[in-house]
Amino acid sequence: MSGNNIKVVCRFRPQNSLEIREGGVPIVEITDGVAVQLKGREAQDSFAFDKVFGMETEQQEIFEYSIKSIVDDVVAGYNGTVFAYGQTGSGKTFTMMGSDIDDERSKGIIPRIVEQIFQSIMMAPANMEFTVKVSYMEIYMEKVRDLLNPSQDNLPIHEDKAKGVYVKGLLEVYVASTEEVFEVMRRGGNARVVAYTNMNAESSRSHSIVQITITQKNLDTGAAKSGKLYLVDLAGSEKVGKTGASGQTLEEAKKINKSLTALGMVINNLTDGKSSHIPYRDSKLTRILQESLGGNSRTTLIINCSPSSYNEQETIGTLRFGIRAKTIKNKAKVNADLSPAELKALLKKVKSEAVTYQQYITALEGEVIIWRQGGQVPESSWATMEKATKGNLPQVASPQQTTATAFKPLVEDSRPATPALVLEKDEREEFLRRENELMDQIAEKETELANGEKLVETITEELTFLKDQEKNLTAENQAMSTELSDVKLQLQKIEYESKESAINVESLKETNQDLHTELEELKKSLEAVRSAQKVNVDEEKMKRKADKMAEMMAGFDPSGEISEKEKQIRDALYKFDLEKSNGPMTMEDIAQLRQELAESKSMLEAHENLIKTLNEDKEGLETKRSDLETRLTTLEMEYEELLDKTIAEEEEAFNRNTDIAETISELKVKLEHQYAAKKELQHKEIEELKKEVERKNEEYQKLSSAMSDLKRANEDLQSAIASKPSSTGNMSEKEKDLERMRKSMAQQLADFEVMKKALMRDLQNRCEKVVELEISLDETREQYNNALRASNNKAQQKKMAFLERNLEQLTNVQKQLVEQNSSLKKEVALAEPKPKVRSSASSGS
Ligand SMILES: Nc1ncnc2c1ncn2[C@@H]1O[C@H](COP(=O)(O)OP(=O)(O)OP(=O)(O)O)[C@@H](O)[C@H]1O
């Protein structure tokens, strides 16, 4: 086993758009493919590496030079590691994975390594059996997450003698082809994207590690070898301040950078030549990659840099890191499991070595005894290892003094012992066992802590939400409290009012009860008074009726004016009879008389027609009068109904405890309404009746003038008859005519007599009705007055006063109607003398 330095290669990518936009220019100059000189503003340093790749270097070229040999080593049973180090965006992922693993040109070194591995396996001898396992993990915030089993996000790191350092519980997938490996890569890559989206973090802040383990077994000998290859894409190496670990606290930023810082420390301690302790355990990354740095591994570090002046500082840092790492020495060895034959030979060798050592020890012990006893051993007889190997040792010591346990083989390890203290083998194993336990506990505690943190976060969110809610609720509560106190006040007010109302209701009930009792008593007393007075009242009524009738009919003497006129007519007829016996009239006189008589006749006929029309008018008036009476009756009935209804409503209002004043005003409005409607109707009727009366007056005037004309004609006729002596011829004819005329006049007189009697009867009937109406009105008024007197309730009195007013108005209306009626009667009476005048006029002719 020989020491071998870490191979460090440097790769510059082309300037990116940001750098160009910011005015960055390439500042690197590569010399001989192994040195790079920075021609920046701050530094003019040169750096030498195993290889320096320029901006235009193809992926294939990188692989060919720096990686291919490592694949061969791993297939040969060595451990291998490829690191990509550099600032964010410097091309680490581009170099390791490539922009497209399916694209021949742009695929990175990992796909190429995988292809190479399977190619090597295919080319291996037939007696070699290979198994390839792949695992994919990342370290973020000092937690190991299994990208092929993302639920495992905090795996512990263990170490034991057989397996060395390993991640406990990491899923290792057996793969049999390039495609299968690619599939695993894609799976892990997707899990990484999802995890970072959920965490709202950047993938550049984590370290991703692809681990490929190749085991090969010689089917003939049984000998086995296994090589482990770590392909590491480190997190961006820039200082947190520059690009800023967005959204992270300083503590988180420290954690993110912890592995990188520890990597730097490990590299420093490995290369400064004085440190006895290498702090692998300071971070998860350095612990996992312990063998890769100064241990059993063939390691290549690719440092990715920006060529731009814009990133000069970061590039210098990266290059310095590479230079330091370059001096690390590893001790790579084949991880071989020996075949049985090899093991037997080894056992034989070890046994013979043990015998040799035992002989050597025995010789030495013999010498020691001699020396202790004060003796001397000549120098030539001193025991040496050389003599022991050759079997030339003197037998000086007793065999019982020899001990096999005195021999201790050197503990050979591939890497510096950790911890730096030199431990006994058992102690070391115990230490590792204890460490593993502690690592498990730490992982558990970390998971618990993470869960606790999540819980705290959730609870904090909940708390914030609850606080907000509480704030809202407090505000709502305050508003509601104010509302509640308002409502309480209102409630108290209502309660008070309710109590007051209850008291009012009670008192009103009592009043109502009293009123009811009083009403009942009044009714009873009224009934009693009624029944007691009924007989008297009937008699009185009759008497009053008779008196009124007498009073009313006093103006209408049937034996008055008409009889006078009748007498005049009779006198005229008698005179006519006398003249007839005095002598004959001349023919001319008679002819003239006849003519005048004919005129008189026609005039008489006209008057008869007029009387007929007047009779018809009278009948019309009669009908109107009866209509008016009916209306009056209806009005009275309505009034009574209204009175009853009002009282009932009032009682109801009392029971309901409603406002009496309100009810009264409503009632008043209603009554006023009804009264106004009726009043209007009656006014209309009165107007109509007035018009009718006027019309009748006009007709009467006309009739009067016609009558006076007739009278004059009759007078002329009479004077003519008086001046003419009685003629000789046709006397008998004239007499006959006169006789006929006299008869017809007598007949008319008799008819008029009949009509007059009928009119008088009718007038008497009407007067009777008017008297009855007046009496009933008086009675109603009296009853009302009684009721008013009986009632001492203030509200009722008010109501009664109101009703009284209504009654007064109705009485006025009734009076008006009665007046109208009497004026109609007068009109009829005026219409009556006309035929009398005419009759008297006729009697005078
Ligand atoms: N050699 C190159 N040639 C062409 N393009 C490159 C090269 N190196 C990197 N790039 C481009 O630069 C961009 C950043 O590269 P990459 O993602 O590999 O950087 P990184 O160092 O892995 O960043 P991070 O630390 O954020 O993961 C990518 O778009 C990539 O395609």
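Computed quantities for the displayed model
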{"item": "Residue, least open to solvent (accessible area, probe 1.4 Å), within the stretch 722-754, restricted to residues that are at pLDDT 65 or above and of a type in the set (Lys, Arg)", "result": "ARG742"}
{"item": "Residue among ALA479, ALA546, ALA532 that is modelled with pLDDT of 80 or more, over 21 Å from GLU772 (Cβ atoms) and out of contact with any Gly (no Cβ under 6 Å at 6 or more places or on another chain)", "result": "ALA479"}
{"item": "Number of the exception - GLU539 against (1) surrounded by 11 or more Cβ atoms within 10 Å (Cβ to Cβ); (2) within 30 Å of LEU777 (Cβ to Cβ)", "result": "(1)"}
{"item": "Selection from the stretch 54-108 of residues that are assigned to a loop (DSSP other than H, G, I, E, B), more than 15 Å from the ligand (Cβ to nearest atom) and open to solvent by 10 Å² or more (accessible area, probe 1.4 Å)", "result": "ALA76, TYR78, ASN79, ASP102, GLU104"}
{"item": "Search result, residues across the stretch 1-53 that are within 16 Å of the ligand (Cβ to nearest atom), under 60 Å from the mean Cα position of the chain (by Cα) and open to solvent by 60 Å² or more (accessible area, probe 1.4 Å)", "result": "PRO14, SER17, LEU18, ILE20, ARG21, GLU22"}
{"item": "Boolean, ILE113 is more than 12 Å from the ligand (Cβ to nearest atom), open to solvent by less than 20 Å² (accessible area, probe 1.4 Å) and not aromatic (Phe, Trp, Tyr)", "result": "yes"}
{"item": "Any pair with Cβ under 7 angstrom, 6 or more apart, that starts in the stretch 449-466 at a residue that is within 19 Å of MET141 (Cβ to Cβ) and ends at one that is open to solvent by 70 Å² or more (accessible area, probe 1.4 Å)", "result": "none"}
{"item": "Residue pairs meeting the criteria (Cβ under 9 Å; at least 6 apart or on separate chains; first closer than 17 Å to ALA648 by Cβ, in the stretch 509-527; second of a type in the set (Gly, Ala, Ser) and at pLDDT below 85)", "result": "LEU515/SER791; GLU518/ALA790; GLU518/SER791; LEU519/ALA790; LEU519/SER791; LEU522/ALA787; LEU522/ALA790; LEU522/SER791"}
{"item": "So GLY322, is it surrounded by fewer than 24 Cβ atoms within 10 Å (Cβ to Cβ), part of a helix (DSSP H, G or I), out of contact with any helix residue (DSSP H, G or I) (no Cβ under 9 Å at 6 or more places or on another chain) and small (Gly, Ala, Ser)", "result": "no"}
{"item": "Members of the stretch 285-308 that are assigned to a loop (DSSP other than H, G, I, E, B) and within 16 Å of the ligand (Cβ to nearest atom)", "result": "SER306, PRO307"}
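The values are calculated or read from the model by the stated rules, or taken from the named source; none is laboratory data. These numbers were taken from a predicted model, which means no experiment stands behind them. Please note: Cβ atoms are built from the backbone with ideal geometry, for glycine as well, and neighbour counts cover all protein chains shown. Just so you know, the surface numbers come from the protein's heavy atoms only, side chains and all, with ligands and any DNA or RNA stripped out. Shrake-Rupley method; radii C 1.70, N 1.55, O 1.52, S 1.80 Å.
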